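Written below as structure tokens is the structure these notes are about.
The values are calculated or read from the model by the stated rules, or taken from the named source; none is laboratory data. Just so it is clear, the structure is predicted and the values come from calculations on it, not from any experiment. Here the Cβ positions follow ideal geometry from the backbone for every residue, glycine too, while neighbour counts run over all protein chains shown.
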Amino acid sequence: MRAFTVLRPGLLSTVQDRGRPGLAYLGIPRSGAADLPALELANRLVGNDPAAAGLEFTVTGAVLRAEESLLVAVTGAPAPVRVAGAEVPHGAAVPVPAGAELAVGTARTGLRSYLAVAGGIAVPPVLGSRATDTLSGLGPAPLRKGDTVPVGATPVAPAPGGPAAAPAGTASAGPRSAETVPGGTGSGGSTPPGARRTVVLRVHPGPRVGWFTAPAVRTLLSADYQASPTSNRVGMRLTGPPLARSVDAELPSEGVVLGAVQVPASGEPLVFLADHPTTGGYPVIAVVDPADVPAAAQARPGTPVRFEPVEGVSGWT
Amino acid sequence: MRTRPAGPRAILLECADAAEVAAWHAELRRRLDSGALVATDLVPAARTVLVDGVADPAGLAESLATMSAGRAAPPEPGTAVELDCVYDGPDLAEVAELWRTSVDGVVARHTGTEFRVAFCGFSPGFGYLTGLPAEFAVPRRDSPRPRVPAGAVGLAGEYSGVYPSPSPGGWRLIGRTGAVLFDPSASPPALLTPGTRVRFRAVPG
């Protein structure tokens with residue numbers, strides 16, 4: 001049978017795809033891969049539709065056994081990848097022989113690695129998606145030791161060129177994700193292990209920027225924050241200077257978008273990620289540009305974070 | 001109604017009251033269904049409608065601004081749902097006190113109200129039901145219960161609601177229903193969708 005057996009599940013390993021957009025009006029979160037471009041890249045590398053389901057690992061990776069020979073690719077946070085004990089490239093399609101162990105190690109930088117397998121992870125979809133939603137509990141439970149993770153049949157018509165032909169992007173995929181994921185600035189060069197480069201998140205004014213004092217808005221756009229260890233798939237929580245409100249009224253719950261920078265009672269902002277609730281009762285001061293949400297999802301606890309206004313966008317005052 | 005930007009792909013419509021929210025949500029839903037509006041999500045809430053996943057939010061805001069709220073026709077009456085409810089909730093007596101009535105008075109008021117699902121949130125399939133007069137608003141409990149069972153019927157603020165699945169919760173519980181509020185294999189998965197009319201019927205426990 002085409003499947004993996006979970007030998008070591010790691011810290012938090014979940015099935016993810018593009019999630020469940022379009023159902024927020026029923027209170028159903030979008031969910032899906034926290035760093036969606038990384039999963040989509042992994043899918044392309046193995047010839048899958050980019051919407052196929054893969055696995056999302058958190059920091060520590062996982063160890064799986066292939067029950068049949070499978071073609072896989074690991075992307076996202078750079079981590080050592082071993083097949084039957086031998087190191088194989090990150091960010092490239094690699095075969096895993098039947099019975100061999102696939103080990104994704106601890107990420108050198110960043111937070112979340114992605115595994116795509118030709119044919120996709122084939123757990124039954126729930127509301128059109130195979131994603132695990134850690135907020136609402138929809139989708140499969142996180143991987144546990146001994147789980148069998150079914151894999152679909154190899155796509156009949158892989159992308160032009162096929163996985164073995166190193167499609168455009170394959171060669172640079174590893175280094176590119178290694179450079180851009182932790183910093184979000186793509187400045188190039190290798191990052192020493194354990195380094196904490198500042199993640200810069202470009203932001204647009206949020207719907208409730210007017211609920212904050214002018215100094216608070218200046219603080220948001222200039223201060224150094226740090227990704228907090230309490231961050232999860234729901235949101236990247238931050239520690240740093242609290243943001244003072246100019247309006248003290250209670251905000252009736254309102255719909256929130258991916259990347260919304262919400263300011264709860266503590267005044268320390270948080271950035272909503274894939275499993276964010278559909279509505280929230282705290283004011284949203286800013287919205288992270290969609291292009292930078294993956295960098296937020298990859299910020300390890302302790303990473304310095306700064307917000308920078310998107311150029312040419314008014315509405316901060 | 002006024003619009004506020006919510007990032008490069010969304011706008012938030014801010015309305016005067018729940019009725020205006022319902023009218024705009026219905027109007028936007030019609031546009032979405034007819035293809036006149038392309039968006040990923042329409043999320044009605046207490047006083048707002050979020051339009052998410054649009055290519056040109058500023059253009060949409062401009063085109064909506066030219067439409068007066070009056071032109072957003074009121075929603076068609078939604079489907080009607082009747083929920084059997086056993087009125088034996090742990091906060092029933094407290095609610096009776098807050099409403100300055102008896103337990104029977106609470107049951108009569110709750111079963112005598114035609115509710116409408118204003119919006120969903122908090123958890124999949126949790127509908128915020130409007131219909132109680134403003135003077136019957138009740139504060140949430142001071143400390144939320146760690147676990148409220150599925151089917152619990154509660155009150156908070158101006159709303160009534162039913163917990164679709166077990167969760168922590170701070171609503172004042174007045175009863176319980178055996179109805180299935182959320183079923184991922186059903187279409188739609190939620191029994192109570194925005195616009196649905198809801199009546200509760202008292203049944204013996």
### Query
Hey, does the range B:67-77 have a residue that's modelled with pLDDT under 95 and either within 13 Å of chain A (Cβ to nearest Cβ) or touching a strand residue (DSSP E or B) at 6+ places or on another chain (Cβ under 8 Å) (or both)?
yes
### Task
Kindly list the number of the only condition in (1) on the phi > 0 side of the Ramachandran plot; (2) within 14 Å of another protein chain (Cβ to nearest Cβ) that fails for A:HIS276.
(1)
## Note on the structure
Of the listed residues (A:SER228, A:SER253), the one being within 24 Å of A:SER136 (Cα to Cα), within 14 Å of chain B (Cβ to nearest Cβ), buried (at least 18 other Cβ atoms within 10 Å of the Cβ) and not acidic (Asp, Glu) is A:SER253
### Query
Any chance the range B:97-105 includes a residue that's out of contact with any helix residue (DSSP H, G or I) (no Cβ under 9 Å at 6 or more places or on another chain), without any contact (Cβ under 8 Å) to a residue 12 or more places away in the chain and not hydroxyl-bearing (Ser, Thr, Tyr)?
yes
### Query
Quick one: how many residues across the range B:38-57 are more than 21 Å from A:SER31 (Cβ to Cβ), among the β-branched types (Val, Ile, Thr) and within 7 Å of chain A (Cβ to nearest Cβ)?
1
### Query
Does B:GLY131 meet the test of being out of contact with any helix residue (DSSP H, G or I) (no Cβ under 9 Å at 6 or more places or on another chain) and surrounded by 14 or more Cβ atoms within 10 Å (Cβ to Cβ)?
yes
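Criterion first (surrounded by fewer than 23 Cβ atoms within 10 Å (Cβ to Cβ) and either among the small types (Gly, Ala, Ser) or within 14 Å of chain B (Cβ to nearest Cβ) (or both)) does A:ALA116 satisfy it?
Against the criterion (surrounded by fewer than 23 Cβ atoms within 10 Å (Cβ to Cβ) and either among the small types (Gly, Ala, Ser) or within 14 Å of chain B (Cβ to nearest Cβ) (or both)), A:ALA116 does not qualify.
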### Task
Check A:GLY240, A:GLY259 and return the single one that is of a type in the set (Gly, Ala, Ser) and at the interface with chain B (Cβ under 10 Å from one of its Cβ atoms).
A:GLY259
### Message
I'd like to verify a number: residues in the range A:19-53 that are in a loop (DSSP other than H, G, I, E, B), surrounded by 21 or more Cβ atoms within 10 Å (Cβ to Cβ) and within 14 Å of another protein chain (Cβ to nearest Cβ), how many?
### Response
9
### Task
Search the range A:279-307 for residues being hydrophobic (A, V, I, L, M, F, W, C) and farther than 23 Å from A:SER113 by Cα, and hand back the single one that is farthest from the other protein chains (Cβ to nearest Cβ).
A:PHE307
